[in-house]
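Accompanying notes for the structure given below.
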Amino acid sequence: MRNIEQMALDEDLRLREERWERIQGIFLLLAWGLGVWGWYRFAHEDLGSGALAIILSLFFFVARWNTVNTVRITVGSFGVGLLAAGTLLALYLYTALPSFYWGQDPAFWVAVHSGAVTEPVWSPLAYLLGEAASFIFASEAMSVLPLLSACVTALALLVASQELFANFISRKNINFIFVFVSCVVLGLSRPFWNAGTMAVGLISSLGFLLFLMLRHVLHLEKKHAPISFLLLGLLWSVHPLWGAMGLLVFVAESSYIRKTRQNWWPLFLGLSPYFWIVLREGKSFYSWGGTQPYLELVKEGWALGLNHFLNDWTWWGATQAFGWEVLALLVLALALGLVNWRTGVATVSAIDFALWLLCGITAFLFYSDSTDYPGVTSLWFVTGIVGFLSFSFERRVGWASGIVSKESLGVMSLLGVLLACGLSWLPGQSYFRSGYVFPQQHVLNLMKVLGPRSVLVCDDPFEFNGALAARWMAPSSPTAFILDKDYLDKRWYVGQWIDHEPDFFFSSIMGSTDLILKSVILDNRSSWQIQWSRPALPADWKEPEGSSGVLTQLFQCEANVVDPVNFQYQYDLSVVPMNSSDLDPRSRRYVSRYVEGFKTMGQQLMAHQRYSEAIHAYDRAARLDPLDPTTVAALAQIYSQHNLLEAAQIECEATIKNHPLEIDQMMKSLDAAQSQKDETLAADDLGQLVKLNAELAEAQYQLSKIYNQQGRTIEGKALLEASIQINPKQIEAQLDLGHSMEDAGDWVKAEEAFRSVLTVDPQNKEAQVELWKMLNEKNL
């Protein structure tokens, strides 16, 4: 009877294996079919569906090699990890940036949405995953990338929790608490929080996830070798630094190295995302490296590395990028390591220690000052510190009694991790970016003034990549071109320009980029509107002359001052933070561009004796930076010199007198165009009408200030109210009216004015403070 039962069990096992082999065969067919079809679609410009098929193909290959059997977790450890990862995912989703941020974030958006080969180092697997997510959630394509980073980072933390549990021999309740707290402090650290809230953070979190999976699989049976080789290839496809770390782990497992020939094609599959670059090189304009990006990377590799350390790296910034939490955990880990060394007990293997140290060094050296973010391997460096603390907590290495007893060291480890959680909320560590819409709006402002035959020259990496990305998010000027000044001396770059726009002339690409830019302007300004994204020209710039456009310098055939209304009113300043003291250094740097631009425009307007418009320009600069001495001095000069103030008064009074008649005529023209159903003429009339109303409101506002200077407060108040009635979104006028009503004791109108400011700009600190003071005085 026993033999019959055994035979039945063997037969049932055989049938199961046969069924699984058939399922594996189906998975293999699906994997190859989806892979070939995906790359075919990708090569034929259907990037979204092609990327989705490629990602699904990789998943089916993973399923083909029975990856489920590599999972080694318990219900308890999975529950703790899921709770920690879910908590942090909610935090990441709440604080995730809805658009790109400073540094390389816009380059990531451009690579995903336009399929552009961006400046190295590339991450084709992350780009494919972003393409697939954007295709699935097409209606949310312009906001899904940071959310994707949040999800992958949370998943990586879930896997990291299982890595921490592997350091424990027992399954005591205190150990579960320690792992939960450790995962939370990991998620709160600056490297993890940035990875979980920025689109470009996907490169860090995706590589970290695959790295943890590779470490886990390498400790299992040799039958899982194909998965290991696939993961190694995928790590190289995420980032070369992750690939190098994966290779070091692989070298430590010498038995796998001997099986390379048997598993070359899983490795090739892992590297296959690099077909992304082969298929997209030179397909979009612009494309880094032209038609030979790999060759250009070899040629310019040394120059790129040197430029990184000279212009985009500082040792102090690299230290700060890790945050206070990591520093505190590192100090605690070093102290415990010293105790362990004194007792002669090793807590981690030499290989793990060397790998952890190498990850920290590379993360430090590849810190980017433009992004304020360390190298991609920083996530494993932080996790390694917490892993050492968990090992010390479990082993409780120490003497029998005293402050360095086993029990004391365990308590110190737990308290240290708990303390690190609190360090996340120190000044400078907050990640609730209140002005997160400012970077996107800044580049949208750059794009707003570009016409059909316009060229925007950028020498700032963020503005260059941001302007390209903004075109995909809000294509306001699809025919304008974005030119990177730093690449004007590169043949591969200029060659793309000549192929794409042969009418744009390059007489020379020899010499410095400043000299090349001057020749480009002189050669093309007769037929192109060229703008350089600088608020002021360099001090040593003599020719050609440019006109200030606030954020840009405009070059045209005849050097004359541009119409300031076209620039001052087209820029959306509602999201520009009015209190720069609350900003991070990078935001403050770009806000200062507006201040400098308005001052430069004010100087040019003064030189052309256009005093009322100069007052407006200086007034905008003063609103953005009230403590700037040159702005205060310029306004004081205008208001103190009688002839200047009188000239400005005459200009404003002429505008107030003549514009109502022009507005009335424009209204009649608009009605006629609408009755004739002439949409083009109606749109032109409507644009002129908006401009005339803006000029009238501004003239009334500026004249009210002049009248107040002359002591004519009643007339000044009437003009101020009329200005607000025409343009209620004029923040400066609303603030002045609020202060005027407050001084006059009219609390109702003052409160209404300040609330109107907050309707336009909810983050306006001046209105918030004044309203808070008024409400408190009411309560008293």
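If you go through region 666-682 and pick out every residue that is modelled with pLDDT of 70 or more and surrounded by 12 or more Cβ atoms within 10 Å (Cβ to Cβ), you end up with 9.
What residue, of M578, M606, is modelled with pLDDT of 80 or more and open to solvent by 30 Å² or more (accessible area, probe 1.4 Å)?
Answer to the check: M606.
Which members of region 499-537 meet the condition of being closer than 24 Å to A621 by Cβ and without any contact (Cβ under 8 Å) to a residue 24 or more places away in the chain? If the condition is that a residue be closer than 24 Å to A621 by Cβ and without any contact (Cβ under 8 Å) to a residue 24 or more places away in the chain, then L537 is the only one that fits.
Among residues belonging to region 608-618 that are touching a residue at least 24 places away in the same chain (Cβ under 8 Å) and assigned to a helix (DSSP H, G or I), point out the one that is farthest from C652 (Cα to Cα). Of everything passing the filter in region 608-618, A617 is farthest from C652 (Cα to Cα). For the criterion of being at pLDDT below 75, under 30 Å from L758 (Cβ atoms) and open to solvent by less than 30 Å² (accessible area, probe 1.4 Å), P585 fails.
For region 558-575, the condition of being more than 18 Å from F438 (Cβ to Cβ) and at pLDDT 80 or above holds for none of the residues. Among the conditions (1) modelled with pLDDT of 85 or more; (2) β-branched (V, I, T); (3) out of contact with any Leu (no Cβ under 8 Å at 6 or more places or on another chain); (4) part of a helix (DSSP H, G or I), the only one that V550 does not satisfy is (4).
Taken together, D369, D312 contain a single residue that is open to solvent by less than 60 Å² (accessible area, probe 1.4 Å) and either touching a strand residue (DSSP E or B) at 6+ places or on another chain (Cβ under 8 Å) or without any contact (Cβ under 8 Å) to a residue 24 or more places away in the chain (or both), which is D312.
Where helices (runs of 4 or more DSSP H) sit wholly within region 453-541, those with at least 2 residues that are open to solvent by less than 10 Å² (accessible area, probe 1.4 Å), within 20 Å of G597 (Cβ to Cβ) and not small (G, A, S) occupy 461-473, 513-524. Candidates are the residues of region 18-49 that are open to solvent by less than 100 Å² (accessible area, probe 1.4 Å) and among the acidic types (D, E); the one that is modelled with the highest pLDDT is D46.
Whenever a residue of region 95-109 is within 14 Å of S368 (Cα to Cα), its partners that are among the aromatic types (F, W, Y), lying with C-beta atoms within less than 6 angstrom and at least six residues away or across chains, give the pairs W102/F462.
Could you go through region 321-340 and let me know if any residue there is closer than 23 Å to P461 by Cα and open to solvent by 50 Å² or more (accessible area, probe 1.4 Å). The answer is no; no qualifying residue exists. Out of everything in region 205-222 that is within 18 Å of R64 (Cβ to Cβ) and touching a residue at least 40 places away in the same chain (Cβ under 8 Å), what residue ends up being most open to solvent (accessible area, probe 1.4 Å)? Once the filter is applied, the top-ranked residue is M213. Of all the numbered requirements in (1) at pLDDT 90 or above; (2) β-branched (V, I, T); (3) under 27 Å from V326 (Cβ atoms), I174 misses one, and that requirement is (1). Take the conditions (1) surrounded by fewer than 20 Cβ atoms within 10 Å (Cβ to Cβ); (2) at pLDDT below 70; D685 misses just one of them, which is (1).
The values are calculated or read from the model by the stated rules, or taken from the named source; none is laboratory data. Just so you know, these numbers come straight off a predicted model, no measurement behind them. Here the Cβ is made from the backbone with ideal geometry for all residues, glycine too, and neighbour counts use every protein chain on show. Quick note on the areas: whole protein, heavy atoms, side chains included, nothing else; ligands and nucleic acids left out. Shrake-Rupley method; radii C 1.70, N 1.55, O 1.52, S 1.80 Å.
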